[in-house]
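Single-structure report; data block below.
The values are calculated or read from the model by the stated rules, or taken from the named source; none is laboratory data. Because the structure is a prediction, the values reported are computed rather than measured. As a convention, Cβ positions derive from the backbone with ideal geometry for all residues, glycine included, and neighbour counts pool all protein chains shown.
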Amino acid sequence: MMEENRPYELGEPPDLLAPPHLLAQVFDLLIGQWHPDSVEQHEMGLHLFTCSYCRVALITLLCVAEEADRQTGASDEQAHALRERWSALHRHLEQQQVQKEVKES
Ligand SMILES: [Zn+2]
């Protein structure tokens, strides 16, 4: 049946600039305007672990940062490593979510 093969549905996208989402902070972090302390880093990590919208936003911004570094000749190793790490984690978490939904259906 078609419905059984359909990936889980995304609802209406949330406003990523409004709490608890972190798009504004992620952007400020990547441009060096925000320097989170250890508590803020921990809270950010917790949210990114559970919110695929903010994870995708982070990965997208890291892609942009990587490309911008490449075009200006700056070292893109840090953005590249971060993007690889978050992309792998995102794939892993999305897979877990799909498996969970298959089990529940
Ligand atoms: Zn979020």
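Matching residues to (1) surrounded by 13 or more Cβ atoms within 10 Å (Cβ to Cβ); (2) away from the ligand (no atom under 13 Å from the Cβ); (3) not aliphatic (A, V, I, L, M):
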{"residue": "LEU23", "(1), (2), (3)": "yes, no, no"}
{"residue": "HIS42", "(1), (2), (3)": "no, yes, yes"}
{"residue": "LEU62", "(1), (2), (3)": "yes, yes, no"}
{"residue": "ALA65", "(1), (2), (3)": "yes, yes, no"}
{"residue": "GLY73", "(1), (2), (3)": "no, yes, yes"}
{"residue": "ALA88", "(1), (2), (3)": "no, yes, no"}
- Select from segment 5-34 the residues that are of a type in the set (Gly, Ala, Ser) and modelled with pLDDT of 90 or more and list them in ascending order. ALA18, ALA24
- Mind checking which pairs have a first residue in segment 47-59 that is within 11 Å of HIS21 (Cα to Cα) and a second that is of a type in the set (S, T, N, Q) and more than 8 Å from the ligand (Cβ to nearest atom), Cβ under 8 Å, 6 or more apart or different chains? SER52/GLN97
